[in-house]
1. Tell me the per residue accessible area of region 110-189 using a 1.4 Å probe; a whole number in Å² is fine.
2. Take the Cα pairs of region 28-93, get the Kirkwood Rh, then feed it into Stokes-Einstein at 37 °C and 0.692 mPa s and tell me D in µm²/s.
3. Put Tyr482, Tyr34, Tyr386 in order of accessible area, largest first, 1.4 Å probe: what do you get?
4. Quick one: grab the alpha carbon gyration tensor of region 316-369, order the square roots of its eigenvalues as a ≥ b ≥ c, and give me rounded if a/c is under 1.5, else prolate or oblate depending on whether a/b is larger than b/c.
5. Post the alpha-carbon centroid distance, region 91-150 to region 291-346, in whole angstrom.
6. May I ask you to list the lysines whose Cα is less than 20 Å away from that of Lys498, ignoring any residue fewer than eight positions away on the same chain?
7. Which semi-axes, in whole Å and largest first, does the equivalent ellipsoid of the chain have when worked out from the alpha carbon gyration tensor as the square roots of 5 times its eigenvalues?
8. Based on DSSP H runs of at least 4 residues, each adding -39500 (n - 2.57), what is the mean residue ellipticity at 222 nm of the chain after dividing by all its residues, to the nearest 500 deg cm²/dmol?
Amino acid sequence: IFGHGMQADAKQKFVVGFDASFPPYGYLSDDGEYIGFDLDLAAEVAKRNGWELVKQPIDWEAKDTELKVGNIDCIWNGFTMNGREKQYTWTTPYVDNSQIVIVNKDSDIKKLSDLKGKIVCVQSDSSALVALKGDDATKENKELAASMKEITEVGDYNSAFMNLESGMVDAICMDIGVASYKLEASGDKYKMLDERLSSEEYGIGFKRGNTELRDKVQVTLLEMLQDGTFDTIVKKWKLEDSACLSLDDKTYIDGGKVPEVAKITPVPQKTDVQETVAPESTSANTGKKSFVNIALRLSEGMGATLLIFVLTLVFSMPLGLPLTAMRMSKIKVLQWIAKIYISIMRGTPLMLQLLVVFYGPYYIFKIKLPYEYRFYAVIIGFALNYAAYFAEIYRSGIQSIPVGQREAAEVLGYSRAGTFFKIIFPQMVKRIMPPVTNEVITLVKDTSLAFAVAYTEMFTVAKQVSSSMASVMPLFVAGLFYYIFNFIVAYAMEMIEKKLDYYR
C-alpha cells in the first residue's frame, strides 16, 4: 500500500477501495470476479505503472476509516466529488453523473412532484440522500423530501431494487449510471423519470495531502485519454453520455499545479493554475464532534434497539418452551421437526433469516405486504432465531434434574404437569440463568443486524453519523452505549439469579 505522500512506484501494490454492489462501476460478476468501469480503468493505470492491482471491497459507510488507516490507497467507485471537495485529494472529474428516480413500470408516478406522500428508498451515505437531505441540497429538493411519507435507507442498490420490486417502497433514487445498467439488465420491470434530482461529478479520492500518488494516477489517466484507451473502456461500459475526462480540466487539483502530461502527443502545459473548487460542504465539517452531540444523534436509534430487544425476549423465551417439549417428545415426528428447525436456525446466519422473513412472502408467494411489515419482519426473524437457542438451553436445564425427583413426585401423587411446573421447572430456571444471560447479552449486540432489511437501529445510526462526520468517534460512543446496556442487562440477570438462590 502506498503511504501518505509517498512516490507511487515505491510500493508494488495499488489497493483500490470500492463498493462491490455498484454496477457498472464495480461489482461481483457471475463468474465471481470483481469487474466494472472503474475497475477496468484502475487495472490499466496499475498496468502502466507496473503496480499490482488489489481490488478491495469495502463497507461504503466505512470508506473514510479505510482510507484514513491506510487499508486502501484510494476510493475509486463512482465517488461523488460534489460536497466533498475539501475532504480528499482528488483527480479531475472523469464522469458527469446525475441522480434520478426509478419506479415500477406500472407506477402512477410520472414526475418528481408525484413523490409526495410516497415512500422513497436510497442507499445510505449516497449522493441521492445528499441531494434530498444534505446541507447543500436545493430548496426544491428539500421541499420534495419533506413532502415524502418516508425516505428509507438501505446498505446497497440491490436491496433498494428488492424493496421496489416487492412493493415495500414506491420509488428509489440513485445514480443514472447504475440505474441505466439495472434497467437494461432487468428488462421492462422499471422505468426512469425524465426529471433529475441533481447533477454531479465523479473523481478518484485519495487521502488528503497524498498528491504524489494522485498525480501519478492523474497523469496515467490523461495518457489513456490521449491514446484512446480511456474511450475504449468508456464504450465497453456504454458510458459515452457520462464520460467527461479532459486534458484541460483543472478543477479539484490542489497544490495550484496540474500534473504534466508529456509522454505521448505534445500538449501545451499550464502551470501555476489556481485551484477551482466548488463551495465546500458543511455537512462533515461543521458537525460538532462532542460526546454529547454524538450521543444525542445516536439516541435516535436507541429506541429502535430497545424495542427489538424487548419484543424479541417477549416472544422468543415463551416460544422456546413448546419447542423444547417437541424436541424431548417421544413422538419421533415432532422430535425430528424440532431438531430440523433448531438445526436450521442455529446453522444459518441471522441476517439471512431476516432477509428470508422479509422478502420471502413476495419472492415465494408473490404476496405484497405493507411497508410496516419491515418492523414485524425484524421481530419475527429475531424471535424465531432466539427461540431455537432458548429451546436448547431449556432442554439442558430439564435434563440436568435427577430422574429420581420425577419418580418421587409420581409416588407422592403428582400429575405430570404438576411435577413439571412445581418441581422441575423452578429448578430448571435457576440452573439455566447463566446461559440465558449469555444469549440475552448476545441479543443486545445482534440488534444491529436489523439494518439488513433497512430497519434503522442504533449501530446503523452510528455508522451513518461516523460517515457524515468523517470520524470514528460515533462508533466508539455506540460501543460505550452497548457496554452500558449490557452491563445493566447482566446486573439485572444477576439480581434475578440471587432471588432464585432459595431453590438450591
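The values are calculated or read from the model by the stated rules, or taken from the named source; none is laboratory data. Here the structure is a predicted model, which is why all the values come from computation and not from measurement. Quick reminder, even Gly has a Cβ in these numbers, built from the backbone with ideal geometry, and neighbours come from all protein chains shown. Calculation scope for accessible area: heavy atoms of the full protein, side chains included, ligands and nucleic acids excluded. Shrake-Rupley method; radii C 1.70, N 1.55, O 1.52, S 1.80 Å.
1. 40
2. 246
3. Tyr34, Tyr482, Tyr386
4. It comes out prolate by the Cα gyration axes.
5. Computed from Cα coordinates, the inter-centre distance equals 37 Å.
6. Here the lysines satisfying the reach criterion relative to Lys498 are Lys422, Lys430.
7. One finds semi-axes of 53, 25, 22 Å for the chain.
8. Helix-only estimate at 222 nm: -16000 deg cm²/dmol.
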